[in-house]
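Structure first, commentary second.
The values are calculated or read from the model by the stated rules, or taken from the named source; none is laboratory data. Everything quoted here is computed from the prediction, not taken from an experiment. Here Cβ is always computed from backbone atoms with ideal geometry, including for glycine, and neighbour counts include all displayed protein chains.
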Amino acid sequence: MILFRNVKIMELEPSAVSEPIDVAVFEPGEGDRGGTVAAIGPNLQKQYPGAKVAGEGGYLSAGLVCGHTHLYSALARGMLVDIRPSKDFAQMLDHLWWRLDRAIDPNILRASALAGCSDALKAGVTSLVDHHAGPECIDGSLSIIRGAYEAVGIRGILCYETTDRNGMDGARAGVAENIRFAREIDAARASGAKPLTEAAIGAHASFTVGEETLTALADAVRATGRGIHIHLAEDKFDAVDARHRFGKGPVERIEAVGALNDRSIIGHGLWLSPSEAEIMNAHGAFLAHNARSNMNNAVGYNNLLPAFANVVLGTDGMGADMLEEFKFAVFRHRESQGPWWPGDFLKVLHRGNKLIGRYFDRDYAPDCPGFGTVKAGAPADLVLWDYDPPTPLVGENIAGHFAFGMSSRSARTVMVAGSLRILDRRPLYDDARIQAEAREQASRLWKRMEER
């Protein structure tokens with residue numbers, strides 16, 4: 001049993017801040033309820049005298065979720081590689097990112113995934129939705145990433161970015177890796193485990209996925225019961241290409257083959273049409289908004305954002321600091337003179353838990369309150385924030401504190417599935433070794449990129 005004493009529970013949706021209270025958590029292995037919140041009430045130390053105290057004071061919330069990232073880019077930070085100037089997004093992919101993903105091998109992938117997962121935990125992120133690419137490291141790649149997730153103890157959804165751009169053999173290998181990994185997770189559940197990772201069916205983007213591959217991906221979605229995870233209309237070219245070559249918008253293509261469902265994750269979606277937003281809403285699909293990446297790549301702004309029912313926040317590989325991403329999402333939207341306020345984006349930030357629930361709710365009791373809340377019976381993916389606000393912090397102004405005050409530096413203790421992973425800002429795994437290995441493999445990655 002683990003105990004948080006005298007904490008204020010901070011709920012993001014509906015937003016609320018409690019009076020100081022105790023929260024007890026069942027650790028993994030403590031019966032069927034292991035990994036869930038056991039009780040909330042005063043003086044729980046008397047009820048659970050043997051409980052380990054994980055923190056006292058501060059604000060306790062459900063963990064944050066990164067709804068779309070690329071862990072393979074974790075070693076690109078400060079990259080010392082000669083990159084030709086790019087006049088548009090397509091050239092940037094060719095000159096930089098596709099060179100990087102071709103340079104990935106198993107050791108680089110493992111180091112990159114470990115470093116990215118560790119950074120996420122230290123920022124109060126308990127779930128990462130990854131979108132992997134590596135055409136010279138496809139078979140078994142998702143199991144390597146799964147190993148990194150389990151080593152640091154973070155939750156998430158994995159997929160391989162299937163594409164035709166490296167030939168049809170590579171496309172078929174991508175589909176096969178997605179299916180293989182989904183079966184691996186199914187087997188883990190069948191053995192009685194509650195895996196920390198789940199599987200989506202990954203694809204790169206409409207303009208690099210032809211009809212044969214898209215049909216195969218749709219078959220994989222149906223066969224595995226998962227959702228597709230794909231970039232759509234990140235750049236205007238993707239939307240124009242779909243209509244020019246296939247006579248349909250990018251979302252219409254996905255729907256036409258039967259690959260759109262309530263587990264689908266559509267990355268970016270800047271250049272989708274209003275009718276495509278309606279299609280996504282009808283299927284319950286998620287739109288992953290990546291404000292910083294869109295700004296960095298100069299691909300435009302998604303003025304239709306309020307039209308999508310299930311917007312979540314992602315980083316598109318620019319780390320996993322979701323409070324920083326929240327700030328950028330708020331300020332970029334305000335600059336565009338959009339109608340949303342910080343409170344709307346607080347709901348978007350919280351909605352990442354709805355996405356996680358679509359994949360992981362099956363591991364919990366039918367009466368479980370679900371992800372994204374601190375209630376008895378809920379999954380114990382929790383963050384204790386060490387934040388001493390200079391103004392009152394109440395439910396009505398949490399969004400204002402997130403936008404103008406709190407940062408990931410406030411994350412003190414992080415728990416995933418009832419297991420402490422960060423305690424008083426100290427990782428409970430060998431983070432020094434992870435960072436040292438990441439630096440070594442980053443140098444190898446940059447050298448391999450120069451050779452391509």
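Tabulated data for the structure shown
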| quantity | calculated |
| --- | --- |
| From the options Lys46, Lys87, Lys52, residue that is loosely packed, with under 12 Cβ neighbours inside 10 Å and either over 23 Å from Arg292 (Cα atoms) or within 27 Å of the chain's Cα centre (by Cα) (or both) | Lys46 |
| Any hit, the range 227-240, residues being closer than 30 Å to Arg433 by Cα and at pLDDT 95 or above | no |
| Helices (runs of 4 or more DSSP H) enclosed by the range 79-189 - at least 3 residues per element that are under 21 Å from Arg444 (Cα atoms) | 98-102, 106-122, 141-152 |
| Which listed residue, of Arg222, Arg243, is within 21 Å of Asn302 (Cβ to Cβ) and out of contact with any helix residue (DSSP H, G or I) (no Cβ under 8 Å at 6 or more places or on another chain) | Arg243 |
| Residues of the range 246-258 that turn out to be free of Cβ contacts under 8 Å to residues at least 24 places away in the same chain and closer than 29 Å to Met295 by Cβ, as a count | 1 |
| Members of the range 146-171 found to be under 21 Å from Trp98 (Cα atoms), modelled with pLDDT of 95 or more and out of contact with any Asp or Glu (no Cβ under 9 Å at 6 or more places or on another chain), listed by number | Thr163, Gly167, Asp169 |
| Candidate set from the range 212-226 (those that are closer than 13 Å to Asn261 by Cα and of a type in the set (Val, Ile, Thr)); member that is surrounded by the most Cβ atoms within 10 Å (Cβ to Cβ) | Val221 |
| Output for the range 146-200, where each listed residue is among the polar types (S, T, N, Q) and farther than 25 Å from Leu428 by Cα | Thr162, Thr163, Asn166, Asn178, Ser191 |
| All positions within the range 409-432 that are charged (D, E, K, R) and out of contact with any Gly (no Cβ under 7 Å at 6 or more places or on another chain) | Arg409, Asp424, Arg425, Arg426, Asp430, Asp431 |
| Number of the exception - Asn297 against (1) under 23 Å from Arg332 (Cβ atoms); (2) at pLDDT 95 or above; (3) crowded, with 17+ Cβ neighbours inside 10 Å | (2) |
| Selection status of Gly170, surrounded by fewer than 18 Cβ atoms within 10 Å (Cβ to Cβ) and within 18 Å of Val257 (Cα to Cα) | no |
